[in-house]
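Trainee: Before I ask anything, here is the structure I am working with.
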Amino acid sequence: MTPPQRDSSVRENTTAPTRAMRLGVAGPVGTGKSSLIATLCQALSGELRLGVITNDIYTDEDARFLKSAGVLDPERIRPVETGACPHTAIRDDVTANLLAAEDLEADFGPLDLVIIESGGDNLTATFSPALVDAQLFVLDVAGGGDVVRKGGPGIARADLLVINKTDLGQYVGVDVERMAREGREARRGSPVVALSRHDAASIGMLTGWVRDTLAHYRTGEHTPVDPGPMAPHFHAGQGGEGGHQHTHAPANPRRSA
Ligand SMILES: Nc1nc2c(ncn2[C@@H]2O[C@H](COP(=O)(O)OP(=O)(O)O)[C@@H](O)[C@H]2O)c(=O)[nH]1
Ligand SMILES: [Mg+2]
């Protein structure tokens with residue numbers, strides 16, 4: 001029997017994705033990741049169908065903050081409780097986050113964008129490209145102007161570096177323009193946005209980058225990139241007892257980077 005023939009007049013776009021773009025938001029604790037996500041929800045929820053996933057170590061604090069901010073239907077904000085070692089849930093075993101993203105799409109899909117906040121780690125934690133399609137790394141000026149010179153995979157190779165809370169620069173003695181310039185140098189020209197939630201123009205730069213990245217994702221032109229693994233590090237045990245040293249292997253990208 002002759003096998004059914006494919007209609008050669010129908011062109012298939014094999015690279016265009018069928019699910020929402022997943023955007024990771026990483027960076028040290030307190031740099032303003034949850035606030036940035038609230039800002040994005042406020043600015044984009046009128047034009048994009050959004051979902052948010054938060055990663056907290058022991059609580060659902062970030063999810064509760066975002067729900068109380070009133071910027072998105074609370075049902076569309078899902079917490080993942082990572083336990084100790086929060087970078088593991090965005091890097092090594094991303095199952096809990098993938099399930100949360102799939103649940104959001106099953107409940108509210110189709111969605112355009114799922115934003116995933118990392119558990120807030122040190123300078124070296126980044127998302128696996130098996131979990132997110134694009135990621136931004138958030139520093140703030142209150143952490144000091146020299147942080148950007150310390151490098152690390154997120155600062156150097158995340159899709160976007162955000163230097164946050166620029167409104168505080170004058171109070172903490174940080175030259176914001178210089179910090180942004182040094183960020184661009186550290187990233188060899190890859191994009192940097194100097195952001196303050198009090199500065200509408202800077203919010204426009206951030207949302208512009210998100211729209212642009214989403215447009216490239218939809219046409220299949222965006223390739224997820226692995227910024228690189230964390231440096232080997234030590235975890236203290238409960239109550240100062242025990243603890244362990246461990247390393248993180250390079251991620252295995254879903255698509256070639
Ligand atoms: N001055 C100023 N404070 C900010 C800005 N963004 C966030 N914050 C404050 O920084 C603190 C930490 O923010 P949060 O979003 O919880 O940081 P996260 O731990 O990275 O999620 C909070 O007190 C926020 O109100 C900003 O643009 N300017
Ligand atoms: Mg947070």
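Trainee: His222's amide H: which non-local residues (gap 5+, or another chain) put their own amide H closer than 5 Å, with H modeled 1.01 Å from N in plane and none for Pro or chain starts?
Mentor: Tyr217
Trainee: Could you tell me which chymotrypsin sites (Phe, Trp or Tyr not before Pro) in segment 38-116 are loop residues by DSSP with no more than 16 other beta carbons within 10 angstrom of their beta carbon?
Mentor: Working: sites: Tyr58, Phe65, Phe108; in loops: Tyr58.
Loop-located and lightly packed - Tyr58.
Trainee: Take Met205 and Ser45, extend 7 Å from each Cα along the Cα→Cβ direction, and tell me the distance between the two endpoints in nm.
Mentor: Label at Met205, label at Ser45, 2.6 nm between them.
Trainee: Determine the sum of side-chain charges near His198: Lys and Arg each +1, Asp and Glu each -1, restricted to other residues whose C-beta is under 13 angstrom from that of His198.
Mentor: On the way: positive: Lys165, Arg197; negative: Asp167, Asp199.
Counting the neighbours of His198, the net charge comes to 0.
Trainee: Something else now. Which whole-Hz ³J(HN,Hα) couplings does segment 163-171 yield from phi under the Karplus relation 6.51 cos²θ - 1.76 cosθ + 1.60, θ = phi - 60°, glycine and proline marked x?
Mentor: 9, 9, 6, 4, 4, 8, x, 5, 8
Trainee: Explain nothing, just compute: Karplus ³J(HN,Hα) = 6.51 cos²θ - 1.76 cosθ + 1.60, θ = phi - 60°, for every residue of segment 183-196 in order, whole Hz, x for Gly and Pro.
Mentor: Running phi through 6.51 cos²θ - 1.76 cosθ + 1.60 with θ = phi - 60° gives x, 4, 5, 5, 9, 6, x, 5, x, 9, 10, 8, 10, 9 Hz.
Trainee: From the phi of every residue in segment 140-152, what ³J(HN,Hα) in whole Hz does the Karplus formula 6.51 cos²θ - 1.76 cosθ + 1.60 yield, where θ is phi - 60° and glycine or proline is x?
Mentor: With coefficients 6.51, -1.76 and 1.60, one gets 10, 5, 5, x, x, x, 7, 4, 5, 7, 6, x, x Hz.
Trainee: Once you put a point 7 Å from the Cα of Glu61 and another 7 Å from the Cα of Val29, both along the Cβ direction, what distance in nm separates them?
Mentor: Rounded to a tenth, the inter-label distance reads 0.6 nm.
Trainee: Stretch Tyr171-Ala16 to full length: gain in nm at 0.36 nm per residue minus the Cα-Cα span? Numbers along the way, then the final one.
Mentor: Working: separation 155, 0.36 × 155 = 55.80 nm, distance 4.63 nm.
Gain on stretching Tyr171 to Ala16: 51.2 nm.
Trainee: Gain in length, Arg178 to Glu102, computed as 0.36 nm per residue apart minus the alpha-carbon separation, to one decimal in nm?
Mentor: Working: separation 76, 0.36 × 76 = 27.36 nm, distance 4.11 nm.
Additional length available on full extension: 23.3 nm.
Trainee: Long-range amide H contacts for Arg49: which residues qualify at under 5 Å (H placed 1.01 Å from N, peptide plane, sequence gap of 5 or more or a different chain)?
Mentor: Amide H to amide H, under 5 Å and 5 or more residues apart or across chains, Arg49 pairs with Asp112, Leu113.
Trainee: Sticking with this one: Taking other Cβ within 10 Å of each residue's Cβ, how do His87, His198, His216, His222 sort, fewest first?
Mentor: Details: His87 24, His198 11, His216 15, His222 20.
Starting with the residue having the fewest Cβ neighbours, the order is His198, His216, His222, His87.
Trainee: Let me ask something additional. Check which residues have an amide H placed less than 5 Å from Asn164's amide H, if you skip close sequence neighbours.
Mentor: Leu139, Asp140, Val141, Leu195
Trainee: Can you give the relative contact order of segment 87-183 as a percent, counting alpha carbon pairs under 8 Å and 6+ residues apart? Don't jump to the answer; show the numbers that get you there.
Mentor: Numbers: 108 pairs, mean separation 25.2, N = 97.
For segment 87-183, the relative contact order is 26 percent.
Trainee: At a threshold of 8 angstrom on Cα-Cα distance, excluding pairs fewer than six apart, so keeping six or more, what relative contact order does segment 21-228 reach in percent? Each step should come with its number before you reach the end.
Mentor: Working: 413 pairs, mean separation 50.7, N = 208.
With pairs under 8 Å counted, the relative contact order is 24 percent.
Trainee: Specify whether the C-alpha gyration tensor of segment 21-228 places it in the rounded, prolate or oblate class, a ≥ b ≥ c being the square roots of the eigenvalues: rounded for a/c under 1.5, otherwise prolate if a/b is larger than b/c and oblate if not.
Mentor: Values: a/c = 1.42, a/b = 1.38, b/c = 1.03.
Rounded, because the longest to shortest axis ratio a/c is under 1.5.
Trainee: From a point 7 Å beyond the Cα of Asp73 in the direction of its Cβ, which residues of segment 23-63 have a backbone N at a distance under 18 Å?
Mentor: 41-54, by backbone N distance to the label point.
Trainee: Length gain on complete extension for the stretch Asp146 to Arg188, per 0.36 nm per residue less the alpha carbon to alpha carbon distance? Write out the running numbers ahead of the final one.
Mentor: Numbers: separation 42, 0.36 × 42 = 15.12 nm, distance 1.71 nm.
Once the chain is fully extended between Asp146 and Arg188, it gains 13.4 nm.
Trainee: By counting other Cβ atoms within 10 Å of each Cβ, how are Val192, Val141 ranked from fewest to most?
Mentor: Values: Val192 23, Val141 27.
Placing the least packed residue first, the sequence is Val192, Val141.
Trainee: Mind sorting Cys41, Cys85 by how few other Cβ atoms lie within 10 Å of their own Cβ, fewest first? Write out the running numbers ahead of the final one.
Mentor: Values: Cys41 23, Cys85 16.
Result, fewest neighbours first: Cys85, Cys41.
Trainee: If you count the DSSP beta bridges with both ends in segment 21-228, what percent of them are antiparallel, to the nearest 5?
Mentor: Details: 0 of 28 bridges.
If we restrict to bridges inside segment 21-228, about 0 percent are antiparallel.
Values quoted throughout were computed directly from the atomic coordinates according to the rules given, and no laboratory measurement underlies them. Computed from a prediction, not measured in an experiment: that's the story for all the values here. Heads up, the Cβs are rebuilt from the backbone with ideal geometry, glycines too, and the neighbour counts pull from every protein chain shown.
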